[in-house]
Structures are given as C-alpha cells and as structure tokens.
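Heads up, the thing below is written out as structure tokens.
The values are calculated or read from the model by the stated rules, or taken from the named source; none is laboratory data. Bear in mind that the values here come from a model prediction, so they are computed numbers and not experimental data. Cβ placement follows ideal geometry from the backbone for every residue including glycine, while neighbour counts extend to all protein chains displayed. All accessible areas refer to the heavy atoms of the entire protein, side chains included, with ligands and DNA or RNA removed. Shrake-Rupley method; radii C 1.70, N 1.55, O 1.52, S 1.80 Å.
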Amino acid sequence: MKTSSRLSLGADVINLLIPHRRPFSMVDVIESYERRPRPTLRAARHVSANEPVFEGHFPGLHLWPGVYTIEGLGQSGNLLGIIAAYQDAWEAQGRDPNEVIEALQNLALGYRLQPGYKPEVSAALVESLKTHSNLHVGMSASVDVKLLQPVFAGQRIEYIVAQSHLMEDLARYEVEARVEGRTVAKGVMTSTRSIPPLPAPIFG
C-alpha cells in the first residue's frame, strides 16, 4: 500500500472540504499532498487587483493584508487535517486510504470537465462529506507566525503546511507562505480539528 499521494484540486473541490466562501476563501488550489512521513500539503492563492479588501487596504496601494496570508495558512492546515482525517477513517474501516485521494482527484476531473470522470468512484466520499460537513470547521487555538515581506496584487502566494503534532482535538502545523520563491510568512499554528455545529441565530 502506498503511504503518500500526489494531489491536485481546484476551487470547486476545495469548497466541498471547507465552508469558507468569497470573499474570505483564501485557497484557490491544492497542488500536492503527502501522508508520509508526516502529513504535508501545498496550496496556493492568486491575489487579484479586484479583491474587495483593496478598497480600503490601502487606497492607492494594493497591499495584501498580512492577516489574510495567515488565514490562508490556517485554511490550508484545515484542508490538510480534513484529508488526513478521511484517510484515517477509511483505514480504520479496513479500506485503502488512497481511495480518498482517488475520489478527490476524480471529483477534480468532473469539475474541470475533463474525460475520465466516474461518479461512482467519488460517491461514498461525497456522501460522507455531506453527512459530516459540520466537522469541517476548525478554529485557531494559537498563532505564532511572523510576516517577513509584503504581498501585493498580481502575486501568487504558495502555502506549505506540515502537521507536526496531533493532540486529541488539537493539531499543530509548521507553516510557510512564499511568493516567487521568497518566504513572506513563517511560523507555527495550532487549531482545533473540528467544532460542533453552531446553534441557530437567536436574533432574527
């Protein structure tokens, strides 16, 4: 059985994995995923000059807020945790965990309108994603990330996150963001693996 898998997913599949939506969706694409020797994910986000945040940050200068870079790293960590958790669940059932990767990659074929898409390959995973969608929400518990260089409109941010520790409901990630090969942010983030579904709003 293979212990690592390459993975390439676009925004539509990412939307099935985490609840974030425009304008606060900070990951456009997952470029690779490795389960061993430790879970690691590489993702990216293209910063467009049309981002709503540039209306106020800052007028006349398309400077990407550093907190958005950190949020992108957090969402990448959440994606990593979700994919790894599904593989663990598959393995606990005596199934090949790489079926999860094959199902995700198959979904990417469908969303990209490419030949070879087979709905039955992804059916079990899609049903599980719908049933357990409330478990896909993580919250930051600790953030120790240094912003090293600014990011501007027109640039592409690459996120690299690697799980270093798993402690019951908490996961710790070593994170790095790069632009054009330069490190723009680096540090450690800890987040909850999931939170229970929130109650309905009390104010209507």
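Table for the structure above
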item: Among residues of region 8-44, those that are assigned to a loop (DSSP other than H, G, I, E, B) and surrounded by fewer than 16 Cβ atoms within 10 Å (Cβ to Cβ), counted; result: 10
item: Filtered residues of region 59-74 (kept if out of contact with any Gly (no Cβ under 9 Å at 6 or more places or on another chain) and open to solvent by less than 30 Å² (accessible area, probe 1.4 Å)); result: TRP64, PRO65, GLY66, THR69, GLY72
item: Residue in region 110-120 that is buried (at least 19 other Cβ atoms within 10 Å of the Cβ) and farther than 23 Å from THR192 by Cα present; result: no
item: Qualifying position, being assigned to a helix (DSSP H, G or I), within 30 Å of ILE70 (Cβ to Cβ) and polar (S, T, N, Q), among SER128, SER164; result: SER128
item: Selection from region 107-125 of residues that are part of a helix (DSSP H, G or I) and in contact with a Gly (Cβ under 8 Å, 6 or more places away or on another chain); result: ALA108, LEU109, TYR111, PRO119, SER122
item: Within region 131-149, considering residues that are in a loop (DSSP other than H, G, I, E, B) and open to solvent by 70 Å² or more (accessible area, probe 1.4 Å), the one modelled with the lowest pLDDT; result: HIS132
item: Candidate set: region 45-56, residues that are crowded, with 18+ Cβ neighbours inside 10 Å and either of a type in the set (Asp, Glu) or in contact with a strand residue (DSSP E or B) (Cβ under 7 Å, 6 or more places away or on another chain) (or both); chosen: the one nearest to ILE70 (Cα to Cα); result: ARG45
item: Inter-residue pairs, beta-carbon under 8 Å, first open to solvent by 70 Å² or more (accessible area, probe 1.4 Å) and in region 91-104, second at pLDDT 95 or above, 6+ apart; result: GLU102/VAL121
